Structures are given as C-alpha cells and as structure tokens.
1. Restricting to the range 170-196, name every residue that is within 22 Å of residue 343 (Cβ to Cβ) and over 24 Å from the mean Cα position of the chain (by Cα).
2. Conditions first: (1) outside any helix (DSSP H, G or I); (2) at pLDDT 95 or above; (3) not β-branched (Val, Ile, Thr). Residue 134 passes all but one, so which condition is the exception?
3. Only one of 275, 325, 334 is out of contact with any Lys or Arg (no Cβ under 9 Å at 6 or more places or on another chain), among the aliphatic types (A, V, I, L, M) and not in a loop (DSSP other than H, G, I, E, B). Can you tell me which?
4. Suppose the filter is at pLDDT below 95, of a type in the set (Lys, Arg) and assigned to a loop (DSSP other than H, G, I, E, B); does residue 261 pass it?
5. Touching a helix residue (DSSP H, G or I) at 6+ places or on another chain (Cβ under 9 Å), crowded, with 16+ Cβ neighbours inside 10 Å, closer than 21 Å to residue 23 by Cβ and of a type in the set (Ser, Thr, Tyr) - does that describe any residue in the range 108-116?
6. Return the residues of the range 261-301 that are of a type in the set (Val, Ile, Thr) and surrounded by fewer than 24 Cβ atoms within 10 Å (Cβ to Cβ); say none if nothing qualifies.
7. Among (1) in a helix (DSSP H, G or I); (2) under 25 Å from residue 239 (Cβ atoms), where does residue 180 come up short?
8. Just one of the numbered conditions (1) over 30 Å from residue 34 (Cβ atoms); (2) under 24 Å from the mean Cα position of the chain (by Cα); (3) touching a residue at least 40 places away in the same chain (Cβ under 8 Å) is not true of residue 209; which one?
Amino acid sequence: MSTLATTEFRRIGIWQTAFLGDLVLTLPLIQALGARYPEAELHLFVRSGLEGLFAAQKELTSARPFAKRDSQRSFLAARAFGLQLFDEGFDLWISPHVSLRSALVARSVGAPVRISYHQPWYQWLAYTHMVDRCFGKMHEVERLLRLGLPLGLDPKPPKARLDLTPEAVARADEIFAGLPRGRVLGMHPGSTWASKCWPGEYFAEIARRALAAGMVVLILAGPREEALSARIAATADDGSGRLVNLANMLTLPALAACLGRLDVFLGNDSGPLHLASTQDVPLLGLFGPTDIPLGFVPLGRDAHVTGIELSCRPCGRHGHTVCPLRHHRCMKELSPDQVWTALEPLLTIR
C-alpha cells in the first residue's frame with residue numbers, strides 16, 4: 001500500500017479555477033476527499049464569482065476566490081497568492097486545473113504533497129505526485145478522481161451532490177410559487193463560448209411547442225445574455241403568461257435551486273447543464289463543437305445529449321468564439337424537430 005494511502009492530512013487545498021461546468025464536475029472528487037478525510041479542513045479555490053455556489057457544501061471548510069482574470073492575473077500575483085497560502089500550512093494540495101499559473105501557485109504553497117496531472121512538462125516542476133489524465137479514454141469525473149489514486153481513493157465516482165443555502169432554496173420557493181400551474185421546462189440558451197450556442201430562434205421554436213403543449217417555460221440566463229433571452233421571449237411568447245424570462249435574475253445558488261424544481265431542462269454544453277445534473281433534473285444537452293468522447297457530457301440516469309454527425313466534430317475541448325470553418329453547421333443543422341423529438345420522452349419523467 002502507498003505511504004500516502006495511510007497518511008492523515010489535516011489541511012487540504014483543491015485548486016480548480018476553470019469554468020463553471022468544470023468546477024461542478026469536480027464535486028465527486030470533493031465528496032470523495034471529504035469522505036476519506038472527515039477530520040481535515042478542505043479549502044476549495046475557484047475563479048472569482050463562483051465561490052458562493054459552494055457556500056453550503058458540507059465537505060468544505062471554505063470556498064475561496066482567485067481573480068485570475070483581474071487583479072491576480074499576472075504570474076507575480078499568482079506567486080504572491082501562493083506565498084500567502086504558504087503560511088496557512090497546507091499539507092495536501094490537489095490541482096485539477098492545468099496551467100503554468102496554477103503550477104506556480106502550487107509550488108509557492110509549499111504543501112509537502114502536491115498532486116496534479118503529468119502534462120504539460122512544467123507540471124514536473126510544481127508537483128510531487130502526478131497521474132495520467134487519460135484524456136479521451138474516460139469521463140472527466142473519472143479523470144478527476146484519478147487525482148486521488150496516489151492517496152488510495154476509490155476511483156468509482158460518487159453521485160455528484162451540490163448542497164444549497166437556505167437563501168437559494170427560499171428564492172426558488174418564491175419563484176415557483178408565482179408560476180402558473182403546469183409542467184415546467186427550463187431552457188438556458190447561452191454559453192461562455194459562442195460556437196456552443198444553439199441558435200436563439202431554435203430555442204424560441206421549442207418554447208412555442210412547449211407552450212402549445214400546456215407547459216410553463218422558464219428562460220434562464222446570466223449576465224450578458226439578457227438580449228438573447230429577450231429576443232427568444234419576444235418571439236415565443238403566446239400571451240398566456242406561461243413564459244417567464246428570468247435572465248440575470250438569479251444567483252448561481254438560486255439557479256441551482258430552481259433547476260431542481262424543473263420537470264425538464266434544455267441547454268447548451270455549458271455550466272448550467274452540469275448544475276442541472278447535480279439536481280437530478282431530466283435534461284437534454286445540445287452538443288456541437290464538443291462531443292461525447294471528450295468526456296464532458298452530463299451524468300445521470302435521465303441526462304441525455306443530442307447532436308449531428310459531422311467530420312469536423314469535435315473541433316476542440318471547449319468550443320470557440322466563432323466556428324473555425326465559419327459555417328457552424330454543427331448547431332445550425334441540429335433542427336428544432338430533432339431536438340423536440342429527443343426532448344419529448346423527458347417531458348413526462350417527473
């Protein structure tokens with residue numbers, strides 16, 4: 001048995017400063033660490049603005065922000081941040097996020113055990129234990145759990161669970177108490193990457209069909225997605241009062257709480273899709289630039305994805321600002337008819 005497998009750590013840092021979806025996929029690793037080290041402090045480090053989502057997570061002592069796109073963007077600032085953490089006495093540091101800046105923070109923290117993936121080359125300068133990420137061979141959740149192999153953690157993923165604050169639950173109660181009666185379809189038409197977005201007019205068509213079927217439709221969107229949501233609402237609204245636009249009206253914890261009340265969720269390959277999977281919502285993900293073999297599809301018995309076959313898919317791990325081939329066929333040719341056909345079986349699960 002590895003020496004690390006029998007070591008009891010007391011202060012553990014988990015560094016995941018990637019996007020929302022990547023962070024949500026890290027939950028099973030957090031849960032596995034919490035179960036293995038119940039007496040330890042677990043501190044999660046995330047990009048600024050996402051820390052509130054984990055305010056109630058039972059395994060965590062804290063969720064702390066890192067301003068990687070703002071005041072702490074430079075390598076000097078990252079090193080200074082790591083040196084500040086040095087004084088906190090972390091004895092285990094785990095970094096699912098791979099970048100030179102993240103490696104610099106890890107080296108500066110000075111934890112005697114530092115675990116990450118073995119590529120690229122500079123990882124060897126920062127970490128004491130490294131594992132193969134096995135990209136393209138397994139789901140991202142399984143790849144993340146590989147970071148626990150040096151510790152002897154069970155590689156079988158626990159079911160992702162996101163604990164919600166009372167304030168988030170109360171906000172969801174307030175919103176759903178004011179909705180008309182009927183089954184509720186939630187849709188999120190945005191994404192950080194524009195090439196991952198299914199056309200807004202297609203979302204509007206799905207909304208029209210859902211309204212015609214007697215459903216309530218919630219449009220869910222974050223900052224800078226208000227205009228898109230307003231266009232979808234204006235196009236689809238039938239005057240029944242059953243279409244509700246909640247664009248930029250919810251915190252991330254409140255969004256997660258609302259997702260848990262839906263009867264079905266429809267969204268692009270984005271963070272809210274993975275948030276929905278933590279709340280056991282029947283869901284359909286729309287995949288274009290990315291694809292199933294990359295390992296980022298939502299997990300769950302009632303989690304489904306759809307897309308079309310093209311020789312240029314996938315075109316990257318994340319997506320792009322614009323289609324590299326300038327045609328965006330992967331989303332434009334994914335028709336509302338195909339999506340509605342895939343969505344209909346999910347409408348009656350709950």
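The values are calculated or read from the model by the stated rules, or taken from the named source; none is laboratory data. If you're wondering where the values come from, they're calculated on a predicted model, not measured in any experiment. Ideal geometry is used to build each Cβ from the backbone, glycine not excepted, and the neighbour counts take in all protein chains shown.
1. Answer for the range 170-196, where residues must be within 22 Å of residue 343 (Cβ to Cβ) and over 24 Å from the mean Cα position of the chain (by Cα): 179, 180, 181, 182, 183.
2. Looking at each condition in turn, residue 134 falls short on (2).
3. Matching residue, one of 275, 325, 334: 275.
4. no
5. The answer is yes, given that some residue of the range 108-116 is touching a helix residue (DSSP H, G or I) at 6+ places or on another chain (Cβ under 9 Å), crowded, with 16+ Cβ neighbours inside 10 Å, closer than 21 Å to residue 23 by Cβ and of a type in the set (Ser, Thr, Tyr).
6. Hits for the range 261-301 are 278, 292, 297.
7. Condition (1) is where residue 180 drops out.
8. (2) is the only condition that residue 209 fails.
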